[in-house]
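Data block below; observations after.
The values are calculated or read from the model by the stated rules, or taken from the named source; none is laboratory data. Quantities reported herein were computed from a predicted structural model and do not represent experimental measurements. Here the Cβ positions follow ideal geometry from the backbone for every residue, glycine too, while neighbour counts run over all protein chains shown. Heads up: the accessible areas ignore ligands, DNA and RNA and are worked out on the full protein's heavy atoms, side chains in. Shrake-Rupley method; radii C 1.70, N 1.55, O 1.52, S 1.80 Å.
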Amino acid sequence: MPNGQVSESDDPVIHALQRALQAAEIRFVRILWCDNANVIRGKAVHVAALESLRHGVGITVAQQALPVMYDAVAPGSGLEPVGEALLAPDWSTFTVLPYVPNHAQVLADMMLDDAPWEHCPRDFLKQQVARLADHRLSLQVAFENEFTLLRRDDDSLVPVETSVYAATLAMNESVEVINAIADALLAQGLEPVRYHPESGPGQQELSVRPAGALEAADRQLQFRETVRGIAARHGLTASFLPKIFENAAGNGCHLNLSLWRGGENLSGDPASTSGLSAEAAAFIAGTLEHLPALAALTLGSCNSYRRLQAHAWAGAFRCWGHGNREAAVRVSLDGGPADGRFEVKTADATGNPYLALGSVLAAGLDGLERGLELPAEVTGDPGNLTEAERTRLGIDLLPSTQGEALAALEANDVLLAALGPARARAYRAVKRMEWEALEDAGLDDEVELLLERY
Ligand code: GLU
Ligand code: MG
């Protein structure tokens, strides 16, 4: 056995796990968390020390106060480098990693004094899922990632190709790495559904099958890790940064949602004028109502706002429409009632997936609980309307900077209450620190700093 004999735990569950991991030649189990800056971090425990996992793995509470730029505690976060929270593995998320040798991975909840810690992003999403369940509703969710593949050329990173949307030539160019990503996703239980090269240079889109909200957010971590891990094995860099090239399409991560009651998809209702069920209409109305503040969570970086432009299919206008790729919420009922869904396009992969999705749920729940009415559908491209026409239809442009989005969040009692005071305070402090550090940065500086973070 390559990793030799390890001392055996006297706990039967841990002992069984040790045996299974040894048989699979696993040396380390990575315990992962995703922080307020949306950096995925991990601590690894050796199989020989698995026993220590019974009590969780300690992290300083200041981990939830770190910005994306460097490891320094954000002022005003309410957190200091004093005190420990515990990472408690959720073994239902355990996977053996196909892109590095002899490591496995498990996602963790953050605990304090045997209860979920008030800063835990994963617990925030669980709370919103439970609130939705009080309405006897649940969501099926897919994070629809776009990402860019780059290769090193002398000192710089260049896209792997410069072709156009769905070009078969681009498929051929990246066939090995995309096949390997698909295999690695499948090996971890994420079923790939569709793939196409996207419009931008080196840009790809690969979707996976929808899942319940918590599982979908967990999969988003596994997806990002896998894409970047496999790309690295192929000598490439994969980046989910929203805007890498000034004049090319950006990387979105649309949140594809459907509302369910029991085993029934409740998104569409052919008898209603909007085509949506009363519940879905109210949920979408809540999402639209809170969208400027939601942006602070679904568009996590200063770079996100460069993507949010008219005519870029990026959800830059606060409105909804059937099949409308320029609306913030695109409704899709063409596949019949069982396949009804709606997509929040004002989102990218720089937002912590638990916080982003949990906040969309909180906004939708507010729509449901207040019985908010959906505004009229927008049937054309809102970017082709005059300012006056947009005002008449009640369509606003969304925040154009992270600073504006944060100001909207700071004034939004519904989202702040859902996040809870401690989590909201730390999140805002981290994002304010990021915004203050980067608000004057040019695109090149942003790309240099953030390309490999996301
Ligand atoms: N790349 C676009 C975005 O920034 C999305 C294109 C599409 O509809 O897939 O969201
Ligand atoms: Mg796309």
Two-site FRET efficiency, Ala16 against Glu404, from Cβ-Cβ distance with R₀ of 51 Å, rounded to 0.05:
0.45
For the chain, which whole percent of the accessible surface, found with a 1.4 angstrom probe, sits on carbon and sulfur atoms?
50 percent
Positive minus negative residues near Gly83 (Lys, Arg vs Asp, Glu; Cβ under 13 Å):
-4
I want to check the label-to-label distance for Arg152 and Asn247. Put each point 7 Å from Cα in the C-beta direction and report it in nm to one decimal.
3.0 nm
For a bin width of 10 Å, list the pair-distance distribution of the stretch 75-180 built from all Cα-Cα distances, rounded to whole %.
10, 22, 25, 25, 16, 2
Scattering curve values for the stretch 133-218, log₁₀ I(q)/I(0), Debye with Cα scatterers, q = 0.16 Å⁻¹
-0.70
Can you list the lysines whose alpha carbon is less than 22 Å from that of Lys345, not counting same-chain residues fewer than 8 positions off?
Lys243, Lys431
Within a Cβ distance under 13 Å of Ala44, other residues only, what is the Lys/Arg minus Asp/Glu net charge?
+4
What percent antiparallel are the DSSP beta bridges of the stretch 178-336, to the nearest 5?
65 percent
Sorting Leu139, Pro353, Gly250 by the position of each Cα along the dipole of the chain (Lys, Arg +1; Asp, Glu -1; all at Cβ), the one nearest the positive end of that ordering is Leu139
Once you put a point 7 Å from the Cα of Asp334 and another 7 Å from the Cα of Glu84, both along the Cβ direction, what distance in nm separates them?
5.5 nm
Report the FRET efficiency, 1/(1 + (r/R0)^6), for Glu448 and Ala133, where r is their Cβ-Cβ distance and R0 is 35 Å, rounded to 0.05.
0.20
Stretch in the chain that is longest and holds no GluC sites (Glu not before Pro) that DSSP places in a loop and that have at most 15 other beta carbons within 10 Å:
26-245
Just to be sure I understand the model, the point goes 7 Å from the Cα along the line to the Cβ. What's the resulting Glu389 to Glu8 distance in nm?
7.6 nm
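Mind putting a number on the dipole of the chain about its Cα centre? Charges go on the C-beta only, +1 for Lys and Arg and -1 for Asp and Glu, and I need it in Debye to the nearest 20.
Roughly 520 debye for the chain.
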With +1 at each Lys and Arg Cβ and -1 at each Asp and Glu Cβ, the charge dipole magnitude of the stretch 318-368 around its Cα centre, to the nearest 20 debye, comes out at 80 debye
